[in-house]
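Undergrad: Could you have a look at this structure, given as structure tokens, before my questions?
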Amino acid sequence: MASTGKAVRPRVAVAKFASCDGCQLTLLDLEDQLLEIVSRFDVVEFPEATSHHSPGPYDVVFVEGSISAPEHLDQIKALRKQARVLVTIGACATAGGIQALRNWADHDAYRAAVYEHPEWVESLAMATAVSDHVKVDAELRGCPIDGGQLLELLTSVLVGRRPQIREEVVCRECKRKGIVCMVVASGEACMGPVTNSGCNALCPTYGRGCYGCFGPRTGANAKSWSAGLMRSGRPPEEVWRLFAGFTGYAEPFRSVLTELGKAKG
Amino acid sequence: MITNPVASPTAVARQWFLARSDLDALIQALRKAGRTVIGPTVRDGAIVNDEIQSAADLPAGVRDEQSAGQYRLAERADERVFGYTVGPTPWKRFTFPPILPIATAHRSGSFGFEQPKTVAPQLAFLGVRACEIAALGMQDRVFLGSPFTDEDFRARRKAALIVAVQCTTSSSTCFCSSMGTGPEVRTGYDILLTEIDEGFVIQAGSPAGAAIVAHLPTRQPTHAETGAAVDVVEAVRTQIGETLPIAGIDQRLKRQLDNPRWGVVAERCVECGNCTMSCPTCFCTSVTERSDMEGRISVTERLWDSCFDINFAKVAGGDFRARPRDRYRQWLTHKFSSWMDQFGSFGCVGCGRCITWCPVRIDVREELQAIAPVIQPIERPVAVEPVAASPGSYSIARLASVREETGDTTTLSLTDLDPAFLSGRPGQFVMVALPAFPAVPISISRFRANGIDLTIRAVGATSTALANLHPGAKVGLRGPLGTFWPIEDAYGRHAMVVAGGVGLAPLRGLVEALVANRDRFESVSLYYGSRTPEDQLFSDDLVAWSASKAIDVAVTVDRAGPEWKGRVGVVTTLFDMMSCDCSKITAFVVGPERMMQASVQSLISKGVPTERINVSLERHMECGIGLCGHCQTGPYFVCKDGPVFRLSELGDLYAREGI
């Protein structure tokens, strides 16, 4: 689908559900490429950038946020019908995000604790990933997503190839960068061995263990890693918090959390 | 093929001494020669290899403590600069970069692909250990040893000057001496340093190295100094020891592709690939494309990758190494087996990085020993010379008593026989003859002080005639014949006897020998299955063995009436009760063919080494001494080379149809 001019620019929409808008902002943060992006894509719907609205159908829809409120259920289905390619962006849309922590808790009690008038708040008891509700064509992970991966996805749409997004653990990026493994050298808690790469080992680069915001790598051995973290002296509560962060409701982190939940009672 | 200048015998003869306070002169000489010095320096809690400006960057007075999954720095009591082992940075980082642009392509205006030309930086590697020199050599063979070469690697390798250092300390993860790569640096260096109390004994290994050394404020070393330089390496060699029995591991692994341990270790492995990335010889890569938004210009980059990557062996239709155990096996067998086939050496130098940097603490040495242990071949003791061996000649024995075991099985107690029979061993058999009846092979089911027992199932003319004899009758005997149970194979191990039906007969003598020598074995157990309770042999013995504490007896039957209170099911169902480390079992198995096959299969799947599974084969025998050919099975005559075999001796022949 090589572009030959403005007439065939793919129509792009950005939509959001329960989220902080940080992933949408990643698009705006691509400052050096922004002019080229808008010259090649017709960005018709983008609440973070413009109040202008344009109805579908769209060639590409980027969806941010988790499905958290009753009205989301119909909205996402309607959006899917308007989208030729639907791409979920960020930990909320791809895994449920931090909102999904309520999936292990008493939703009504949480609501009552936070809001003065909980009866005014309409929300679902569970916050879930978009893929739990509609077919998703591609996903960009992270909290927030990586600008380079977003650009690669846009490029792949124009060139007509699969996006070159690697399915590998964060450790791989760490080692290529020459970062000393802090799990081994200082006993730091790190989710790198079970988390998908894409951030270019951002947190380890700054001396922090991985928070797992890109979510589980396909086939991640989360069970062994939770055992490994406990073997190095961490109590189940701490390991629970490590897995629960941003993407805890995505399997296999979810199963580990369910097991740990039993362990900590 | 080593492309780097290597030591020549004349060049190594000369030695110099450089004071520790003058070490910076070496670094500055290298820099003055136009080289960037890459050497050890402390960063992020580890001694990494990185650019060094001066001796002040080196880890003076720092040591490392390494074990599986753990690396910590600590202070040394002295100011030694190289008083650590190997850190997380393999030198391949500088000869085989983790990310390398290998092509650019364009289709705007013209169409084409271009390969960037390597401008290899002139580097000096400071502090290269013996294992690491071996690793560079291994990558030489991979990248430069075939008709297809990696020219980027060649250029970088050629541009690197090697300043090697003798190890003066070791970590618990080191196993270079097992792999034959260290700890002593012998070749492959331009300059070699051995650190002793006050400084360094220096040797040059190439003209380039000698030219650098010539610029240093050195003096002649004293005899004490050169002596100390030799002693310190020898001390490290002793410290490391040879912990991994490596000889033949490549062949041993080839026989263990189905070992269940692959699945066990894969349950722990998180496939982070830290082992392969920190390995100084691993060379797997993947390429990835980056392009402008329209794909007019693209760059192909080569990335360090890992065979633990879940997409590494994937094709459009599926994945050839879909399970974690497949990927773990791929890695370990490549390092220790197929690398040998491809490149003529192991793919491991014993640096121990894969052990230290494994976050789930997998130790390859433990896995290798568990998956492909060295089984010391135990010589079979020589059997007693048989009596009346030739097929026409028999020794006479007298029937002392007859005991009916089951409806169709009878035990004959023979006496007044040649003493050679009493010296036979459990598992051996005799050829038994009556006038006018063809001789039949019968296993010896008990050795008594003054005779032997034969337990006979009346299935043919001779066996029926034998079963109908009365005390006082005479029979002809030849024997004892064949191989016997290698009871010594079970010393210090769990001795496990598995019997089905009349298969208990050739095992009874073994069980009695095991009980008599009980303290030589970790445990002794008997698993016995028969069709019905009525088909059980040696009921009195079973009761007596059960009552003794010497042996665990588990009995089952295929089917039984309501009066049976024991277990029902095939004998393999009893194996689930086993709680010991199955790799420490020595098994002895006899029974009907199908029962033996099922038992053997179950034992293998539980991890019992095939060298430690003994079976006794039943075949058509007439002569009993390997002359008539009836019992031939592959290369063996079962009567002479068997009937007892280690399963590993039979290999693929065992249970193969039509052999």
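Undergrad: I'd like the carbon and sulfur percentage of the solvent accessible area for region B:145-206, probe radius 1.4 Å, heavy atoms only, ligands and nucleic acids excluded.
TA: Numbers: 920 of 1940 Å².
Whole-percent figure for carbon plus sulfur exposure: 47.
Undergrad: If amide hydrogens are placed 1.01 Å from N in the peptide plane, which non-local residues have theirs closer than 5 Å to the one on A:Ala18?
TA: A:Ser66, A:Ser68
Undergrad: On a 30 Å Cα-Cα criterion, which of the cross-link pairs A:Lys175/B:Lys335; B:Lys474/B:Lys565; A:Lys223/B:Lys549; A:Lys81/A:Lys223; A:Lys81/B:Lys314 come out too long?
TA: Details: A:Lys175/B:Lys335 20 Å; B:Lys474/B:Lys565 41 Å; A:Lys223/B:Lys549 41 Å; A:Lys81/A:Lys223 38 Å; A:Lys81/B:Lys314 33 Å.
B:Lys474/B:Lys565; A:Lys223/B:Lys549; A:Lys81/A:Lys223; A:Lys81/B:Lys314, as the Cα separations exceed 30 Å there.
Undergrad: Just to verify a number: what accessible area does A:Asp108 come out at with the full protein assembly present, 1.4 Å probe, Å² rounded to tens?
TA: Accessible area of A:Asp108: about 90 Å².
Undergrad: Continuing with the same structure: To the nearest 10 square angstrom, how much accessible area does B:Thr222 have with a 1.4 angstrom probe?
TA: About 60 Å², ignoring ligands and nucleic acids.
Undergrad: In region A:16-41, what residues drop by 30 Å² or more of accessible area when the other protein chains are put back, versus the chain on its own? Use 1.4 Å, and skip ligands and nucleic acids.
TA: Correct list: A:Glu36, A:Arg40.
Undergrad: Continuing with the same structure: Which residues, if any, in region A:141-164 lose at least 40 square angstrom of accessible heavy-atom surface (probe 1.4 Å) when the other protein chains sit next to their chain rather than the chain being alone?
TA: At a threshold of 40 Å² (probe 1.4 Å), the residues of region A:141-164 that become less exposed are A:Thr155, A:Val159, A:Gln164.
Undergrad: Name the aspartates and glutamates eligible as straight-distance cross-link partners of B:Lys32: C-alpha to C-alpha under 20 Å, and not fewer than 8 places from it in the same chain.
TA: B:Asp22, B:Asp24, B:Asp50, B:Glu51, B:Asp57, B:Asp190
Undergrad: Right, here's the next one. HN-Hα J couplings of region A:18-32 from phi, Karplus 6.51/-1.76/1.60, θ = phi - 60°, integer Hz, Gly and Pro as x?
TA: 6, 6, 9, 6, x, 6, 4, 5, 4, 5, 5, 6, 6, 4, 5
Undergrad: Considering only B:Asn259, B:Thr300, B:Val402, whose Cα is most displaced toward the positive end of the charge dipole of chain B, charges sitting on Cβ of Lys, Arg (+1) and Asp, Glu (-1)?
TA: Of B:Asn259, B:Thr300, B:Val402, it is B:Thr300.
Undergrad: Express as a percent, rounded to the nearest 5, the fraction of DSSP beta bridges in the protein assembly as shown (both residues included) that run antiparallel.
TA: Working: 82 of 134 bridges.
The antiparallel fraction comes to roughly 60 percent.
Undergrad: Label A:Asp21 and A:Asn200 with points 7 Å out from Cα along Cα→Cβ: what is the distance between them in nm?
TA: 2.7
Undergrad: Once the Cβ-Cβ distance between B:Gln601 and B:Thr243 is put in as r, and R0 is 30 Å, what FRET efficiency do you end up with, to the nearest 0.05? Each step should come with its number before you reach the end.
TA: Details: r = 33 Å, r/R0 = 1.11.
Efficiency at R0 = 30 Å is approximately 0.35.
Undergrad: Once Lys and Arg get +1 and Asp and Glu get -1 on their Cβ, which of B:Val590, B:Gln203, B:Thr218 lies farthest toward the positive end of the dipole of the protein assembly as shown?
TA: Sorting the options by dipole projection puts first B:Val590.
Undergrad: Now, a different point. Over the protein assembly as shown, average the accessible area per residue using a 1.4 Å probe and give it in Å², no decimals. It would help to have the intermediate numbers written out before the result.
TA: Details: 39490 Å² over 924 residues.
That works out to 43 Å² per residue.
Undergrad: Anything losing 20 Å² or more of accessible area from the isolated chain to the full protein assembly: pick those residues out of region B:303-317, probe 1.4 Å, ligands and DNA/RNA ignored.
TA: B:Leu303, B:Trp304, B:Asp305, B:Asp309, B:Ile310, B:Asn311
Undergrad: Report the net charge of residues surrounding A:Pro55, where surrounding means a beta-carbon distance below 11 angstrom and charges are Lys +1, Arg +1, Asp -1, Glu -1.
TA: Values: positive: A:Arg11; negative: A:Glu45.
It works out to a net charge of 0.
Undergrad: Determine the share of region B:395-481's accessible area contributed by carbon and sulfur atoms, expressed in whole percent, with a 1.4 angstrom probe. Intermediate values should be presented prior to the final figure.
TA: Values: 1840 of 3390 Å².
C and S fraction of accessible area: 54 percent.
Undergrad: Compare the Cα positions of B:Phe312, B:Gly344, B:Cys358 along the charge dipole of region B:290-363 (+1 at Cβ of Lys, Arg; -1 at Cβ of Asp, Glu; about the Cα centre) and return the one farthest towards the positive end.
TA: It is B:Cys358, whose Cα lies furthest towards the positive end.
Undergrad: Say each of B:Asp197 and A:His52 gets a label point 7 Å from the Cα, pointing the same way as Cα to Cβ; how far apart are those two points in nm?
TA: Taking the simple label geometry, B:Asp197 and A:His52 are separated by 8.3 nm.
Undergrad: Ok, one more. What accessible surface, in Å², does a 1.4 Å probe find on A:Tyr211, ignoring ligands, DNA and RNA and rounding to the nearest 10?
TA: For A:Tyr211, solvent-accessible area is about 100 Å².
Undergrad: Something else now. Report, in debye and to the nearest 20, how large the dipole of region B:575-659 comes out about its Cα centre when Lys and Arg carry +1 and Asp and Glu carry -1 on their Cβ. Each step should come with its number before you reach the end.
TA: Numbers: 8 positive and 10 negative charges, 25 e Å.
For region B:575-659, the charge dipole is close to 120 debye.
Undergrad: Still on this structure, please answer the following. Measure off, as a whole percent, the carbon and sulfur share of the 1.4 Å-probe accessible area of chain A, all protein chains present. Don't skip to the end; give the middle numbers.
TA: Working: 6580 of 11830 Å².
Percent of accessible area from carbon and sulfur atoms in chain A: 56.
Undergrad: Give the interface area between chains A and B as buried accessible surface, both sides summed, probe 1.4 Å, in Å² to the nearest 100.
TA: Values: alone 13530 and 29310 Å², together 39490 Å².
Between A and B, the summed buried area is about 3300 Å².
Undergrad: Here's a follow-up. Once R0 is set to 35 Å, what does the formula 1/(1 + (r/R0)^6) return for the Cβ-Cβ distance between B:Thr36 and B:Val230, expressed as a FRET efficiency to the nearest 0.05? Don't jump to the answer; show the numbers that get you there.
TA: Details: r = 32 Å, r/R0 = 0.92.
Efficiency, rounded to the nearest 0.05: 0.60.
Undergrad: Just check the protein assembly as shown against the gyration tensor rule for me: Cα atoms, a ≥ b ≥ c as the square roots of the eigenvalues, rounded for a/c under 1.5, and otherwise prolate or oblate depending on whether a/b exceeds b/c. Show your work: numbers first, answer last.
TA: On the way: a/c = 2.60, a/b = 1.52, b/c = 1.70.
Oblate, because a/c is 1.5 or more while a/b does not exceed b/c.
Undergrad: Sequence-distant or interchain residues sharing an amide H contact under 5 Å with B:Val37, placed H: which?
TA: So B:Val37 has HN proximity to B:Ile52, B:Ala124.
Undergrad: In the neighborhood of A:Glu119, defined by Cβ-to-Cβ distances under 15 Å, what is the net charge if each Lys or Arg adds +1 and each Asp or Glu adds -1?
TA: Details: positive: A:Arg111; negative: A:Asp108, A:Glu116, A:Glu122.
Once all neighbours under 15 Å are counted, the net charge is -2.
Undergrad: Tally Lys and Arg at +1 and Asp and Glu at -1 over the other residues with C-beta under 14 Å from the C-beta of B:Leu504: what net charge comes out? Provide the component values of the computation, followed by the final result.
TA: Numbers: positive: B:Arg446, B:Arg457, B:Arg508, B:Arg531; negative: B:Glu405, B:Asp453, B:Glu512, B:Asp535, B:Asp540, B:Asp541, B:Glu618.
After counting each charged neighbour, the total is -3.
Undergrad: Could you give the dipole magnitude of chain B about its Cα centre, charging the beta-carbon of Lys and Arg +1 and that of Asp and Glu -1, in debye to the nearest 20? Spell out each step's value before the answer.
TA: On the way: 67 positive and 72 negative charges, 127 e Å.
Roughly 620 debye, rounded to the nearest 20.
Undergrad: Determine the dipole magnitude for the protein assembly as shown: charges of +1 sit on the beta-carbon of Lys and Arg, -1 on that of Asp and Glu, nothing else is charged, the reference point is the Cα centre, and the result goes in debye to the nearest 20. If you can, show how the numbers build up before the last one.
TA: Numbers: 96 positive and 102 negative charges, 247 e Å.
I would put it at about 1180 debye.
Undergrad: Please give the FRET efficiency for B:Ala461 paired with B:His630, using the beta carbon to beta carbon distance and R0 = 22 Å, rounded to the nearest 0.05. Please report the intermediate quantities before stating the final value.
TA: Details: r = 17 Å, r/R0 = 0.79.
The formula returns an efficiency of 0.80 here.
The values are calculated or read from the model by the stated rules, or taken from the named source; none is laboratory data. Predicted, not measured: the structure shown is a model, and the values here were computed from it. Positions of Cβ are generated from backbone atoms using ideal geometry, with glycine treated the same way; all protein chains shown enter the neighbour counts. Keep in mind that these areas ignore ligands, DNA and RNA; they rest on the heavy atoms of the full protein, side chains included. Shrake-Rupley method; radii C 1.70, N 1.55, O 1.52, S 1.80 Å.
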